[in-house]
1. Over all directions, how big on average is the projection of the convex hull of the alpha-carbon atoms in segment 55-101, in square nanometres?
2. Using a 10 angstrom cutoff on alpha carbons, build the Gaussian network for the chain and name the most mobile of Leu76, Leu117, Leu22.
3. Helix 52-64 sits at what angle to the longest principal axis of the chain, using alpha carbons and giving 0 to 90 degrees rounded to 10?
4. Just the accessible area per residue of the chain, please: how many Å² with a 1.4 Å probe?
5. Percent relative contact order of segment 5-102, based on C-alpha pairs within less than 8 angstrom and at least six residues apart?
6. Please build a GNM for the chain, connecting alpha carbons under 10 Å apart, and tell me which residue among Glu20, Glu122, Glu50 fluctuates the most.
7. Run the accessible area of the chain with a 1.4 Å probe and give the carbon-and-sulfur part as a rounded percent.
8. Sorted from largest to smallest, which semi-axis lengths in Å does the alpha carbon gyration tensor of the chain give for its equivalent ellipsoid, taking the root of 5 times each eigenvalue?
Amino acid sequence: MTGKISAGILLHRRTPDGVEVLIGHMGGPFWARKDAGAWSIPKGEPEGDEPLPATARREFAEELGLPVPEGELVPLGEVRQSGGKTVHAWALEGDLDPALVVPGTFELEWPPGSGALRAYPEVDRVAWVPLAEAAAKLVTAQRVFLDRLADRVRE
């Protein structure tokens, strides 16, 4: 993964109980029985010279099978994940119903070395999670986006 780049959107909404963020549990057999650290913002890699905000919008729609809610993307900066991938994120205030998500898929050889390719959903579930609880679920490097979002929604 060294040197790879991803771009994604951290969708959030304000509720009477506070801010919630939309995150997805990563699909596939490796993540199936994990919860803590097994969730991510919808994100993916750019195609060619695609601008990163356009990548974030495209990947959101591809991973969730739903259009990106209308609104302004607010930059949250970038982080480097443990595998070397740099993730750029934007906050977007909006709403959607997780029950309507139709995730995209990816192919993976499973079990490893078997030669059998299987299709898995990119995310196997999506949920609105209170901002204060989301850090325990997100992959470690992406947790900083929650802090940056919290600073923005307080402004």
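The values are calculated or read from the model by the stated rules, or taken from the named source; none is laboratory data. Because the structure is a prediction, the values reported are computed rather than measured. FYI the Cβ positions are ideal-geometry reconstructions off the backbone, even for glycines, and counts take in every protein chain you see. Note: accessible area is taken over every heavy atom of the protein model, side chains too, but ligands, DNA and RNA are not part of it. Shrake-Rupley method; radii C 1.70, N 1.55, O 1.52, S 1.80 Å.
1. Projected over every direction and averaged, the Cα hull of segment 55-101 covers 3.9 nm².
2. Leu117
3. The answer is roughly 70 degrees.
4. That works out to 53 Å² per residue.
5. Numbers: 175 pairs, mean separation 34.7, N = 98.
Reported relative contact order: 35 percent.
6. Glu50
7. 53
8. Details: eigenvalues 122, 60, 49 Å².
The equivalent ellipsoid of the chain has semi-axes of 25, 17, 16 Å.
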